[in-house]
Amino acid sequence: MKKQFAVIGLGNFGFYLAAALFQKGHEVLGIDINARQVQEIRDQVSRAVIADATDPQALKELELEKLDAVVVAIGSVLNNSILATLNVKDMGVKRVVAKAVSEAHGRILRKIGADDIYFPEKDLALAAAQRLDNPNVLDY
Ligand code: ATP
């Protein structure tokens, strides 16, 4: 079934996630503070906009509460990741998924109400270790 998603932060993780969801037939809104990222993904999502996710007013106009899930894919700037997650939770978004770059970051995101947390680097490392340990096992 077709779902509606928004991905905030179109760095490597956010970019590939947004494009992959769109390719799977979902409606995807891509959001980034940086015009270059927004320009780059324009043809690979339903809609892409420039907005600062730390600004509640900027997010309000995007009506994110109507979507099935919002992914906060801002990583390294903790302040922005935390504020963006808080803002989307405060808007009443049904399902907020956030990316964490460390265990401590993940704990903070969980405390402020993120429904699910991804640790992409940790997950990739575990998957890589699994493949190196047993190259004969296909993991897809
Ligand atoms: P990746 O490893 O996925 O590239 P990263 O962990 O290095 O990401 P960041 O560099 O912090 O993460 O941010 C990823 C994206 O989030 C960038 O494209 C950046 O412009 C965007 N971003 C950062 N702050 C905000 C914000 N306040 N509002 C919207 N987008 C933001």
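The values are calculated or read from the model by the stated rules, or taken from the named source; none is laboratory data. Please read these numbers as outputs of a predicted model, since none were measured by experiment. All Cβ positions, even for glycine, are placed from backbone atoms using ideal geometry, and neighbour counts span all protein chains on display.
Numbers for the structure displayed
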{"read-out": "Hey, residue 31 near the ligand (Cβ under 10 Å from one of its atoms), under 18 Å from residue 91 (Cβ atoms), part of a loop (DSSP other than H, G, I, E, B) and in contact with a Gly (Cβ under 9 Å, 6 or more places away or on another chain) or not", "value": "no"}
{"read-out": "Contacts under 7 angstrom Cβ, first residue in the range 85-101 being modelled with pLDDT under 95, partner assigned to a strand (DSSP E or B) and crowded, with 17+ Cβ neighbours inside 10 Å, 6 or more apart", "value": "94/69"}
{"read-out": "Flag if residue 81 is of a type in the set (S, T, N, Q) and either touching a helix residue (DSSP H, G or I) at 6+ places or on another chain (Cβ under 8 Å) or under 15 Å from residue 7 (Cα atoms) (or both)", "value": "yes"}
{"read-out": "In the range 1-19, the residues that are near the ligand (Cβ under 7 Å from one of its atoms) and surrounded by fewer than 22 Cβ atoms within 10 Å (Cβ to Cβ)", "value": "11, 12, 13"}
{"read-out": "Given (1) touching a Gly at 6+ places or on another chain (Cβ under 9 Å); (2) within 10 Å of the ligand (Cβ to nearest atom), number of the condition residue 87 does not satisfy", "value": "(1)"}
{"read-out": "Criterion (at pLDDT below 95 and touching a strand residue (DSSP E or B) at 6+ places or on another chain (Cβ under 8 Å)) met by exactly one of 9, 30, 75", "value": "75"}
{"read-out": "Any hit, the range 113-120, residues being surrounded by fewer than 17 Cβ atoms within 10 Å (Cβ to Cβ), within 14 Å of the ligand (Cβ to nearest atom) and at pLDDT 95 or above", "value": "yes"}
{"read-out": "Answer residue from the range 34-63, given it is polar (S, T, N, Q) and exposed (fewer than 14 other Cβ atoms within 10 Å of the Cβ) and is nearest to the ligand (Cβ to nearest atom) among those", "value": "34"}
{"read-out": "Only listed residue being under 21 Å from residue 117 (Cβ atoms), charged (D, E, K, R) and surrounded by fewer than 20 Cβ atoms within 10 Å (Cβ to Cβ), chosen from 94, 99, 66", "value": "94"}
